[in-house]
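Data block below; observations after.
What follows draws every value from the coordinates through simple rules; no lab data is involved. As the structure is a computational prediction, the values presented were derived from the model and not from experiment. In this analysis, Cβ positions are derived from the backbone assuming ideal geometry, glycine residues included, and neighbour counts consider all displayed protein chains.
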Amino acid sequence: MELTSTELGLAARVQQLTKTYGTGEGAVRALDAVSVGIRRGEFTAIMGPSGSGKSTLMHIMAGLDAPTSGRAWIGDTDITGLSDLELTILRRRRIGFVFQAFNLVPTLDALGNILLPFDLDGRRPSPLERARIDRLVETLGLQARLHHRPHELSGGQQQRVAIARALATAPDLVFADEPTGNLDSRSGREVLALLSAASRDHGQSIAMVTHDPIAASHADRVLFLGDGRVVADKPRQTAEEISAYMLAAELGAIPRDSRGEDMSRNEGDSGGAGPRPATSPRLAQGAAEVRS
């Protein structure tokens, strides 16, 4: 009998996930039989060079793209066979997103953007949810900016609004895609500290795709991808350790086994996901869901 994500302590997981773009000799395998889980209550960074498959992995885990083969779960829900409508409802209710480009609706003020997931779901926040939103607004220092539109906010303030929106529904998992990419260093540090606090103090599960070792050093766990595979799974690392590993990987100085995987990775570090073995319409739709 297969264990569930809940029994494994996972917020999300994938098993034997493969994604191929194109056909024939021009086919590109973005993911190659990946099995990994995102642990509940942890802040996980997903790293790798351009073309390593890190964004593709996030998009499939979030239901924004479909795999060529394999399975993906959010909590105990197998999302692989869900319809587009079912995926839309699942993303709206159980997943939060923080994008590099903020993706705020320009015609809505900060409060309107924070409440957008509820509006899209056709309901008002419950008293418990409203209290949660009020705490988020206070924690993120947005009280004086609630009635400002995005163009009246700094980049750091816009990303704080995006974080509040992502956390407002108490989602199973928050996906953050290069959340500090458009921010100055000070604002970036503040955003990373807020994501860390959401995980540490409130048990929020977060998966962040980044190429920045400093950003990844705020995470509890760092997954390294290379050529469509998870090549290393490490506990919290300093920025220097992350940079050194990435440089060594680029230079080919890390020993590999017959499958091309890093022999230094710890067995059992796959998050309990089981034994290791062109733009999607869904991706475009998912990005639009938080802008309209």
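The figures follow:
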read-out	value
Note, ³J(HN,Hα) from phi for segment 157-173, Karplus 6.51, -1.76, 1.60, rounded to Hz, x at Gly and Pro	5, 4, 5, 5, 4, 4, 5, 4, 4, 5, 8, 4, 8, 6, x, 4, 8
Span from the segment 181-209 Cα centroid across to the segment 29-99 one, whole angstrom	19 Å
Integer Hz, Karplus 6.51/-1.76/1.60 couplings in order for segment 195-212, x for Gly and Pro	5, 4, 5, 4, 6, 5, 8, 10, x, 6, 7, 9, 10, 10, 8, 7, 10, 9
Ellipticity estimate at 222 nm from DSSP helix runs (n ≥ 4, -39,500 (n - 2.57)) divided over the chain, nearest 500	-10000 deg cm²/dmol
Amide H contacts under 5 Å for Ala176, placed H, 5+ residues apart	Val98, Ala207, Met208, Val209
Packing-based ranking, highest mean first, of 170-179, 236-245 given that Cβ atoms within 10 Å are counted	170-179, 236-245
5 angstrom amide H check on His148, placed H, neighbours 5+ away	Ala110, Leu111
Segment 79-133: C-alpha gyration tensor shape, a/c 1.5 cut-off, then a/b vs b/c	oblate
Rotationally averaged projected area of segment 1-61 (alpha carbon convex hull; nm²)	5.3 nm²
Cα-based radius of gyration of the chain once divided by 2.2 N^0.38 Å, which approximates compact folds	0.98
Whole-Hz ³J(HN,Hα) from phi, Karplus 6.51 cos²θ - 1.76 cosθ + 1.60, for segment 239-249, glycine and proline x	4, 5, 5, 5, 4, 5, 5, 5, 5, 4, 5
Amide H partners (placed H, <5 Å) of Gly75, local residues excluded	Ala12, Arg13
Antiparallel DSSP beta bridges within the chain, as percent of all bridges there, nearest 5	55 percent
Percent of Cα-Cα distances greater than 21 Å, calculated over segment 6-135	52 percent
